[in-house]
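Working notes, beginning with the structure itself.
Quick note: the coordinates plus some simple rules give every number you see, no bench work behind them. Predicted, not measured: the structure shown is a model, and the values here were computed from it. Heads up, the Cβs are rebuilt from the backbone with ideal geometry, glycines too, and the neighbour counts pull from every protein chain shown.
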Amino acid sequence: MPRQRHEAQFGEPMLDVFEALLLALGRHRWAEGARHETHQLVPRMGCRYMNQRGSVLRRGRVLECLRPVSLTFYETLFDPPCRVRLKFRWRLDATDAGCRLRLEVQYELNRAATLRSRHWYRQIHAHCGRMLGFVGRRLRERAANQAAGVTGHIQGRSNMVSMKTTAVSGKPSRK
């Protein structure tokens, strides 16, 4: 069985990275209707899903979801006459400066797909790179949203609310 390994370093806590991973992976898999509701994005063990995009049918099953450490699932891609069976194992490890996200992919090609093995290798490699990129993008969006919340800026409006830090009564008052 051919394998691919990918990894990325993040400066955020493991729980934040795991949540971003679930947002990136669950979108076209087990949480089709959920966009930002975290409780709907956590897959149950044994959960099955199916999705069609173009001529490729994706069917999968979640093997394990140990929050916030690992996520493992099987997928089968049907692109007639090719069939590719994949096993994705995502693992988070704590580091001094945050965490490391590792992905190990094992895949098996049927006879028709072996004729296009280089194509499938590139497709799987590109997909894994995109997923790691989506995780990084989600973390940057979250950090930007938190920074906007700290400054007092309300998203969707152009005005800012500023507070005085000193007042006669000791309570903050609006300018």
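Worth a mention:
- Neighbours of Ala112 by Cβ distance under 10 Å: Lys/Arg scored +1, Asp/Glu scored -1, total +2.
- Net length available on complete extension from Phe134 to Arg5 is 44.7 nm, with 0.36 nm assigned per residue and the Cα-Cα distance removed.
- The spread of Cα positions in region 3-151, taken along each principal axis and listed from longest to shortest, comes to 56, 31, 25 Å.
- Local charge for Cys82 was computed over the other residues whose Cβ lies under 10 Å away, with Lys and Arg +1 and Asp and Glu -1, and equals +2.
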